[in-house]
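Novice: Encoded as structure tokens, here's the structure I'll be asking about.
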Amino acid sequence: MAWMIVLAVIALPVVEIALFVKSSQAFGVLPTIAAAILAGMAGLALLRAQGAATAWRIREQLQRGEVPVGDAFDAVCLAVAGLLLLLPGFLTDLIALSLLLPPVRALLRLWLARRLAGAVRPVNAGPPVIEGDFRVIERDRKP
């Protein structure tokens, strides 16, 4: 698993540079730079709007006494999207913009819930309880 993270950290800048070079060849240097800047600005505007709405929903759920698990997951996805938007490049912007879409976050939440369903146990679960009926049978003891 660790080698996959190292590979991703190495591969991401290489892919981003390749995308910049190809788009510069196809559209020119200035349009490519302008597109990268505009994508980041648009993404940050969307992030601000989505983040405010998510914070408001979390606040409402907490006031009702509910645990905002889904909205907390959305907040984490939005934070990751914000971080990705700060990184220069088209691939990271594309991933960030997809994280800003509520259906993508819902699918990601469902996939993660299924993946973690068997791995997570409640903290205070304790040993399993077996219910049943019993009766005490006493035998006469002979001295």
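Novice: Figure the gain on full extension for Trp56 and Ile130 (residue separation times 0.36 nm, minus the Cα-Cα span) and round it to one decimal in nm.
Specialist: Working it through step by step, the gained length comes to 22.3 nm.
Novice: Under unit Cβ charges (Lys, Arg +1; Asp, Glu -1), what dipole magnitude, rounded to 20 debye, does region 10-116 have relative to its Cα centre?
Specialist: 220
Novice: Could you give the length gained by full extension between Ala8 and Leu86, i.e. 0.36 nm per residue of separation minus their alpha carbon distance, to one decimal place?
Specialist: Length gained between Ala8 and Leu86: 26.3 nm.
Novice: In what sequence do Ile10, Ile95, Ile137 fall when counting other Cβ within 10 Å, fewest first?
Specialist: Sorted ascending by nearby Cβ count, the order is Ile137, Ile10, Ile95.
Novice: May I ask for the equivalent-ellipsoid semi-axes of region 59-104, computed as the square root of five times each C-alpha gyration tensor eigenvalue and listed largest first in whole Å?
Specialist: 27, 10, 6
Novice: Give the residues of region 67-101 whose amide nitrogen is closer than 14 Å to a point set 7 Å from the Cα of Arg48 in the direction of its Cβ.
Specialist: Counting only backbone N, you get no residues.
Novice: Top mean-square fluctuation among Pro127, Pro13, Pro31, Gaussian network model of the chain, C-alpha springs under 10 Å?
Specialist: Top of the fluctuation ranking is Pro127.
Novice: log₁₀ I(q)/I(0) of the chain at q = 0.10, 0.12, 0.14, 0.16 Å⁻¹, via Debye over equal Cα point scatterers, no solvent, to two decimals?
Specialist: Log10 of I(q)/I(0), two decimals: -0.55, -0.71, -0.87, -1.02.
Novice: By how many nm would the segment from Met41 to Leu101 lengthen if fully extended, with 0.36 nm per residue of separation less the alpha-carbon distance?
Specialist: Full-extension gain reported as 20.0 nm.
Novice: Name the most mobile residue of Asp71, Asp93, Asp133, meaning the one with the largest mean-square fluctuation, in a Gaussian network model of the chain with Cα contacts below 10 Å.
Specialist: Asp133
Novice: Using the count of nearby Cβ atoms within 10 Å as a rough guide to exposure, how do Glu66, Glu16 rank from fewest to most?
Specialist: Lowest to highest Cβ neighbour count: Glu66, Glu16.
Novice: Next question, about the same structure. Put +1 on the Cβ of each Lys and Arg and -1 on the Cβ of each Asp and Glu in the chain; which of Val6, Gln25, Gly132 then has its Cα farthest toward the positive end of the dipole?
Specialist: The residue sitting farthest along the positive end of the dipole is Gly132.
Novice: Next question, about the same structure. ³J(HN,Hα) across region 66-76 via Karplus (A = 6.51, B = -1.76, C = 1.60, θ = phi - 60°), whole Hz, x for Gly/Pro?
Specialist: 9, 8, x, 5, x, 6, 5, 4, 4, 5, 5
Since every read-out is calculated from the coordinates, none of them should be taken as a lab result. Small disclaimer: the values here were computed from a predicted structure and weren't measured. Glycine also receives a Cβ, built like all others from the backbone with ideal geometry; neighbour counts cover every protein chain displayed.
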